[in-house]
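Asker: I have a structure I would like to understand better, so I am pasting it below and will then ask my questions one at a time.
Nothing in this text is a laboratory measurement; each read-out follows from the coordinates by a stated rule. Because the structure is a prediction, the values reported are computed rather than measured. With ideal geometry, Cβ positions are generated from the backbone for all residues, glycine too; neighbour counts draw on all protein chains shown.
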Amino acid sequence: MPCLSESCDGITFKDITGFFGTSNPYGYNAPQPSVPTLTTGGVFGYTSYTLSIWQATSEGIDTSVAPLLTVDLLTTTHTIDVDTGHVTWAFTFEDLGLTGPNVRSGWWYIRLDPVLWTNDSINYEYPTEQQFGFTADVTRLRDNAMYESLRKHGWNCDKCKCGGVSIGLLNQRYLIIRDLAGCVGLDDEFTTGINYLYSVLPLCNNC
């Protein structure tokens, strides 16, 4: 159960699967009696655990290119919540080879490859691929535009236009793109919406 999110200085990856139930060894994620995921002592049962991350682009997700980052999670510094078993890895802009203040908004994509090796030399693989919609950067641009509009015109938002669109209408479009497009299977529409915000919001700086 992976989760990728934006942070103040980069991105954060969390494994929110939690501790393995040792009282049910043949249950979730367990082809044999030993604990395959995370023990209450913080020990992973995987023999390899690799994360690959692709960054958002204006064209959407393209996994045919090399990932932005590939890391061995077993050897990378992480923290474990002793109550929930959630494990967190934090990657800074420097780790990602990026510059701040935010990562690009849009679809970010991960491939997670946990492998469990058992005593009978059988590999059990649990790969998963997921995408996550990031919006912090366009939110920063929107907030700056709203601040400038309020500072210059008060609540009369129609006086502030960004690329010919009033800041009030643009804010409505922003909210739809942020809250709805990426949550109802409109993948292409989310990418198109993010690109639109990137093209129009910088024009609000002189409103």
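Asker: Compute the longest continuous run of the chain that contains no exposed chymotrypsin sites (Phe, Trp or Tyr not before Pro); treat a site as exposed when its DSSP state is not H, G, I, E or B and it has at most 15 other Cβ atoms within 10 Å. Write down the numbers at each step before the final one.
Answerer: Working: sites that count: 26, 28, 155.
Between exposed loop sites, the widest span is 29-154.
Asker: Find how much the distance from residue 187 to residue 12 grows on full extension, using 0.36 nm per residue of separation minus their present alpha carbon separation; answer in nm with one decimal.
Answerer: Numbers: separation 175, 0.36 × 175 = 63.00 nm, distance 2.21 nm.
Roughly 60.8 nm would be gained on extension.
Asker: Continuing with this model, one more query. Relative to the longest principal axis of the C-alpha atoms of the chain, give the angle of the C-alpha long axis of helix 136-153, reported between 0 and 90° and rounded to the nearest 10°.
Answerer: Roughly 20 degrees, rounded to the nearest 10.
Asker: Still on this model: By how many degrees, between 0 and 90 and to the nearest 10, does the Cα long axis of helix 167-179 differ from the longest principal axis of the chain?
Answerer: For helix 167-179, the angle is close to 10 degrees.
Asker: To the nearest 10 degrees, how steeply does helix 187-200 sit against the main Cα axis of the chain, on a 0 to 90 scale?
Answerer: 40 degrees
Asker: Still on this model: How much mean residue ellipticity at 222 nm does the chain get from its helices, if each DSSP H run of length 4 or more adds -39500 (n - 2.57) and you divide by all residues, to the nearest 500 deg cm²/dmol?
Answerer: Details: 4 runs with 49 residues, N = 207.
Result for the chain, helices only: -7500 deg cm²/dmol.
Asker: Run the numbers for residue 155 and residue 140: contour at 0.36 nm per residue of separation, minus the present Cα-Cα distance, in nm. Don't skip to the end; give the middle numbers.
Answerer: On the way: separation 15, 0.36 × 15 = 5.40 nm, distance 1.95 nm.
Residue separation times 0.36 nm, minus the Cα-Cα distance, leaves 3.5 nm.
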